[in-house]
Every structure is written in structure tokens, then in C-alpha cells.
Amino acid sequence: MGEEEGVCERGEERERVGRPRPSDMDCSRKLKIAYVSPDLRTHPIAFFLEPFLRHHDRSQVHVTCYSCGTDADRYSDRLRGLSDEWVSLAHMTAEAAAARLRADCVDIAVDLAGHHVVRSRGSVAPLDILAYYAAPVQVTWIGYPNTTGLHNVDYRFTDAIADPLESTQKYSEELVRLDNCFLCFAPPQELLDTDVAVPPFQDKENLHVTFGSFNDVSKNSPSAMRVWGKILAQVPSATLKIKVKDAGKYSLDKDKFTEYADRFVSLALDPPAPHSSFKSKANLRRRIEMLPWCQSLTDHFASYHQVDIALDPFPYSGTTTTLDALLMGVPVVTLRQAGPNARHAHNVTASLLVQAGLEELVADTEDDYVRIAVELAQDAPRLQLLRSSLRQRCVLCMLGARRRGESREVPSLGRHFRSVSVLRSVWHQLLVFARYLPTLKTLEKQQKNRSINAVSGIPGEVAST
């Protein structure tokens, strides 16, 4: 039985606990918000959470971080300093942890992990806690690119690009679409301390464009590999660098390296690209380089000095990797999925690029993806301009990043939660039902198969302004 199935079963079993009713029905009072995560440490989730903690209006909300993990570090101390309270749930059972949140009279509990949990000794999964109804309103956000499958998790925060209105993707939660990108990011100091380098194509020893993909290789689908092959075919001097977690092992095990490289080459040449520049499979193989996974953040960010253009995988796009590339001055080309078949995991990079004002790097078809990448590779002045301006552009347009040498943060997407209008709106909706219904079962039934658009302003829906 898979983890998701197990959590869903446990959620149904624990329904007898019942959703706690609000202790105070005053709609305008200060709300008690709980962020529940095993990753409140040096981890991408923490980088996404930090700006929201900084920008919350503390006259409107009281914020408690509930740490479900056991491996706290210096970044944990930073988040602790941004919280009104910090509670460790390590070594607790899920039932005991939920009881703690209920005793603390939490109004809204926000899960930051979904099913994407790496269990360690003494840790507890947030969804296991929420399955016991830890708070009157329960939300999932940023930790997992899909539904929880738990109908006692009420809402999922997203946006209209990651989850288009016409999408038929199934969610057990109501979607609350924020009016911009649903993410905000505070890059680690190691990134800000790493200078944006001269583009590799300007290096006298290179004199060619270098594409790169630093996402987990499991995201490199056959379709993506075929498209990347078409790009290399149309830019004969270009090379492609792929970072793999087990590159060190591949270098020792030539059979496995050969197996992966052969698979890429076969896919890249199937079907053969028109006007192909590949004289042989060996020719293409020489243009692909596998980079070792970096053990330190500093080395990871410095590796972007070797790349001119990043290629986003699909149908599972990058998130943190996309932001790393942009902040290191490397433009990212992505494929957006629209219409009924649109899926959240496919569209996160598209959401980030649109928010950064880089919609020209967002393709709507595979042919469009090839065209955008090839045109960019052949436009040296544009590449140079992007390399020199992307970091500042992203900091100002879309991120909650600290400017280098400054302690304050640039106003950013944190305004979504700084005004706390989204949180207060979902709280108000709960109170409407709680006041007039004997139980909240009716609310749960009405939540199914209904989507909230935080921008539309349609009566009865959650508004974010």
C-alpha cells in the first residue's frame, strides 16, 4: 500500500475525532496560524517560507512554527526568530501532536510537506497530524505538487498559471488561487555570495553556447530528451550539461553511464530532427557532459557559471532549481501546459517566469520550446543582458530576497500574506458555516468538486484582496 493510500485510510479512520469548532467566533480578531513541517531547516521549503514569515502582519496573525523533524540547524534558528512561537513535535505520535495544536487553539494549520516526506527517526508527517483535525481550517501549500487526497484538508494555495481554471486535475481540496505566483523565495546566503559570472559562450576557450539541466534526472522524460535533441541539432556547436546525483558512481561504473547516455542519444534522435547536425551517435555523445552532484550549496551555485541557458524538464518542471538558475543569471526555457489537461507540476516554472516578467521564455508547444531556446542561443547580446540583469530583476519582481549587504527584504509576493486577506477569507467562510450549521459536515460536502478563484471576486468565493 502506498503512502498516500495509507494516509487517506488513516484520515477516514480518524474522522471520529471530529473537526474542532472555533473557540472564538469573532471574524476580525487576531488569527492563530500554524505552519507544520519537518523541513524547518536548511531546505528549499524553509527558503520559500521565510519571506512569508517576515511579511505577515503581526497585528492580524499570531504565527507558530511546529517542527516535525529532528535535524534542526542554524536556519532553524533564523525561522524561530521570525515566529511568535516555536514548538517541536519530534518524537510525538501524530495523535499527540494534533492534540497539542488543538490545545494551542490554532485557527488555521498549514501543511508544508504533503506526501513529500522523508521520514527520519523521531519525525512525524504533517498529514498524519492533520488527519486528526488539528485545527478548524486546514491548508496544504508548497510542499507537494498534487492533492493530499484528504477531505479534511480544506484548501490548497496555488495560482491561475500553475492551476489554470480550465484544468480538470482532481483535488480533494478547494483551490485558492492567489493573484500572482503562489511562491515567494528567500535565497540562501551562499547564493547571494556567489557572483554572477561571465556567460560561458563569451569564454575564449569555449566559444559555444552551453545548455544545462540541473534538475533531478528522474524528471528528464523521453519527451523532454527528444526536444533537447532537436535543440542540439539546430545549434551545431552547442553542448548540454546534465547534473546527476549519482554522477560519481557513473564515472566508476562505465556500463551505467553508457546506458544512460545511450538512452538519451536514442531518444534525442527519435524521430530524426530535420536538418540534423548529428553525423553519428558518437558525435552527439561528445556534446553531452554529466556533472557530479555538488555536496555544498556554494559549489552548486558556482556550477551555473558553466551554463548559458537552462532547459526545464517536463511534464514535471523545476521549482527551486528554476529559481537557482534565474538568480545565477541563467535564463530558463519552459513548456507551459494549458487547457483541461493542465497539471500543476508541469506549470510551476511557467508561473515563476511570468511573475518575473519573462513570459517570452514560456513555450506553449514543443516546437515553440525549440524555437525559443534556439533563438536565445543565437542572440549573444540578449544572453549577455539576461546574464547581467536576471538576479536583480528577480529580486525586485518576484522574490522575498535580501539584497546583498542589506538586512531588510525587498517587498515582494509576501504581500499576499502580509495583508493576511487570504487567510482571513478562508477563516470567514468557515465561520459562516459554523454559525448556521449544526455540524461542519455540510461544509466538507460542499467543498468537494468546487474550486475557489481568489481573484475572480465571484460571490461566495474566497477573495484575496
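The values are calculated or read from the model by the stated rules, or taken from the named source; none is laboratory data. Bear in mind that the values here come from a model prediction, so they are computed numbers and not experimental data. For neighbour counting, all protein chains shown are included, and Cβ atoms are generated from backbone atoms with ideal geometry for every residue, glycine included.
Side notes on the structure shown:
- Each residue in the stretch 80-100 was checked for being within 24 Å of ASP128 (Cα to Cα), of a type outside the set (Lys, Arg) and out of contact with any strand residue (DSSP E or B) (no Cβ under 6 Å at 6 or more places or on another chain), and 10 of them qualify.
- So HIS151, is it more than 28 Å from GLN60 (Cα to Cα) and either at pLDDT below 95 or part of a loop (DSSP other than H, G, I, E, B) (or both): no
- Filter result for ALA197 (outside the structural domain of ALA325 (by TED's automatic domain parsing) and touching a residue at least 40 places away in the same chain (Cβ under 8 Å)): no
- Screening ARG54 on (1) closer than 30 Å to VAL395 by Cα; (2) basic (Lys, Arg); (3) at pLDDT 90 or above shows it passes everything except condition (3).
- ASP270 vs. criteria loosely packed, with under 15 Cβ neighbours inside 10 Å and either closer than 30 Å to ARG393 by Cα or at pLDDT 95 or above (or both): no
- Residues of the stretch 139-198 classified as out of contact with any Phe, Trp or Tyr (no Cβ under 8 Å at 6 or more places or on another chain) and on the phi > 0 side of the Ramachandran plot, total: 1
- Remark: VAL124 falls outside the filter, which requires a residue to be within 19 Å of ASP104 (Cα to Cα), touching a strand residue (DSSP E or B) at 6+ places or on another chain (Cβ under 6 Å), in contact (Cβ under 8 Å) with a residue 40 or more places away in the chain and among the β-branched types (Val, Ile, Thr).
- Number of positions in the stretch 60-88 that are of a type in the set (A, V, I, L, M) and more than 18 Å from PHE47 (Cα to Cα): 2
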